[in-house]
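Working notes, structure below.
The values are calculated or read from the model by the stated rules, or taken from the named source; none is laboratory data. Small disclaimer: the values here were computed from a predicted structure and weren't measured. Cβ sites come from the backbone with ideal geometry, for glycine too, and all protein chains shown count toward neighbours.
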Amino acid sequence: MSSSHMKRLTMPRSWPLTRKTDIWVQKPNPGGHSDEMCMPLGVILRDVLGLAHSRREAKRMVATRKVLVDGRIETDSGRGVGLMDVLTVGEDHYRCVLDENGKLRYRSISAKNSSNKLCRVMGKTTIRGGKTQVHLHDGRNITVDDAKKYNSGDTLVISLPDQEVSGHHAFSEGVLAYLTGGSHIGSTAKVVSKDVKRSSKANEVQFEDFGTVADYVFVIGSKKDLPLEVEA
């Protein structure tokens, strides 16, 4: 049986927590995000947003059913809230992004911006009936009839709370990209060209001043899509 906690010294580098103040920290429950790309809801409420003073208080907040993730009520304080997820606490809304130091940040957004989220297409598979299942970065899968409608690397706009696809940003030359890994993590840049490798090597994407692997490229519509700047 796996533990629900891990030592702070071994927690992911993306977590914006101090390592030596305590020995233990709660682990996120298994879900759609990797441990590096999410944090448990209780830890966010207590240590990141400062809305609770203890784990017990964070659990009580979640039990009030006024805490939502992606527009749906969340009652599990161990639920991982990860990249691009929308966290709602009462009347306040936050979106999870990576800053330029590679740390997960939960930044305030407006009620209007909390009505959708961006999801990166990680891959596709054909399922029974000839339909295509599209796999998104947050663990969700959607089924489409047209296999060529969306491609790996594209970004879908998901409306909240109804979880329907309301928009599509294709991964192509000239689009604006948000970088989720590498030395330019947390910044945005325009795609100049894509280099598809016909081997086991990772596909590469070239920008004006640098290049990176395609897995780090998250296509966005505009900088307004993400709360990358800390609001004064």
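Can you give me the number of residues within segment 58-71 that are out of contact with any Leu (no Cβ under 8 Å at 6 or more places or on another chain) and outside any loop (DSSP other than H, G, I, E, B)?
Filtering segment 58-71 for residues out of contact with any Leu (no Cβ under 8 Å at 6 or more places or on another chain) gives 59-60, 63-66.
Still in the list and also outside any loop (DSSP other than H, G, I, E, B): 59-60, 63.
Selection size over segment 58-71: 3.
Hey, can you tell me all the residues within segment 213-232 that are under 18 Å from residue 117 (Cβ atoms) and either assigned to a loop (DSSP other than H, G, I, E, B) or hydrophobic (A, V, I, L, M, F, W, C) (or both)?
Step one: of segment 213-232, the residues under 18 Å from residue 117 (Cβ atoms) are 217-228.
Listed by number, the residues that qualify are 217, 218, 219, 220, 221, 222, 226, 227, 228.
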- Task: Starting from segment 28-44, take each residue that is touching a residue at least 40 places away in the same chain (Cβ under 8 Å) and list its partners that are in a helix (DSSP H, G or I) and among the β-branched types (Val, Ile, Thr), counting only C-beta distances under 8 angstrom and pairs at least six apart or across chains.
- Result: 39/48; 41/62
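Within the group 123, 130, 153, which residue is among the small types (Gly, Ala, Ser), in a strand (DSSP E or B), outside the structural domain of residue 28 (by TED's automatic domain parsing) and at pLDDT below 95?
Numbers: 130 fails: in a strand (DSSP E or B); 153 fails: in a strand (DSSP E or B).
Unique residue meeting the criteria: 123.
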- Item | Residue, modelled with the highest pLDDT, within segment 166-203, restricted to residues that are among the basic types (Lys, Arg) and closer than 16 Å to residue 152 by Cβ | 194
- Task: Please enumerate the residues belonging to segment 72-120 that are within 13 Å of residue 38 (Cβ to Cβ), part of a strand (DSSP E or B) and free of Cβ contacts under 8 Å to residues at least 60 places away in the same chain.
- Result: 80, 81, 82, 87, 96
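Taking the stated definitions as given, is residue 134 farther than 21 Å from residue 97 by Cα and either in contact with a Pro (Cβ under 8 Å, 6 or more places away or on another chain) or without any contact (Cβ under 8 Å) to a residue 12 or more places away in the chain (or both)?
Values: farther than 21 Å from residue 97 by Cα: yes; either in contact with a Pro (Cβ under 8 Å, 6 or more places away or on another chain) or without any contact (Cβ under 8 Å) to a residue 12 or more places away in the chain (or both): no.
For residue 134, the condition - farther than 21 Å from residue 97 by Cα and either in contact with a Pro (Cβ under 8 Å, 6 or more places away or on another chain) or without any contact (Cβ under 8 Å) to a residue 12 or more places away in the chain (or both) - is not met.
Residues checked against (1) under 26 Å from residue 88 (Cα atoms); (2) of a type in the set (Val, Ile, Thr):
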residue	(1), (2)
165	yes, yes
188	yes, yes
191	no, yes
218	yes, no
- Query: Do we find that residue 168 is buried (at least 19 other Cβ atoms within 10 Å of the Cβ) and of a type outside the set (Lys, Arg) in this structure?
  - Reply: no
- Message: One residue is enough: does segment 36-49 have a residue meeting the conditions assigned to a loop (DSSP other than H, G, I, E, B), under 23 Å from residue 227 (Cα atoms) and either at pLDDT 95 or above or in the same structural domain as residue 188 (by TED's automatic domain parsing) (or both)?
- Response: yes
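Sort out for me the strands (runs of 3 or more DSSP E) sitting completely within segment 163-212 that have 1 or more residues that are in contact (Cβ under 8 Å) with a residue 40 or more places away in the chain and hydrophobic (A, V, I, L, M, F, W, C). Write out each step before concluding.
Working: elements: 164-169, 176-179, 188-190, 193-195, 204-206.
Counting at least 1 such residues, we get 176-179.
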- Query: Scanning segment 133-148 for residues that are modelled with pLDDT of 90 or more and not in a strand (DSSP E or B), which turns out nearest to residue 169 (Cα to Cα)?
  - Reply: 137
- Message: Restricting to segment 136-159, name every residue that is crowded, with 18+ Cβ neighbours inside 10 Å and of a type outside the set (Phe, Trp, Tyr).
- Response: 136, 137, 138, 153, 154, 155, 156, 158
- Query: Scanning for something among the charged types (D, E, K, R), buried (at least 16 other Cβ atoms within 10 Å of the Cβ) and touching a Lys or Arg at 6+ places or on another chain (Cβ under 6 Å), does segment 39-47 turn up at least one residue?
  - Reply: no
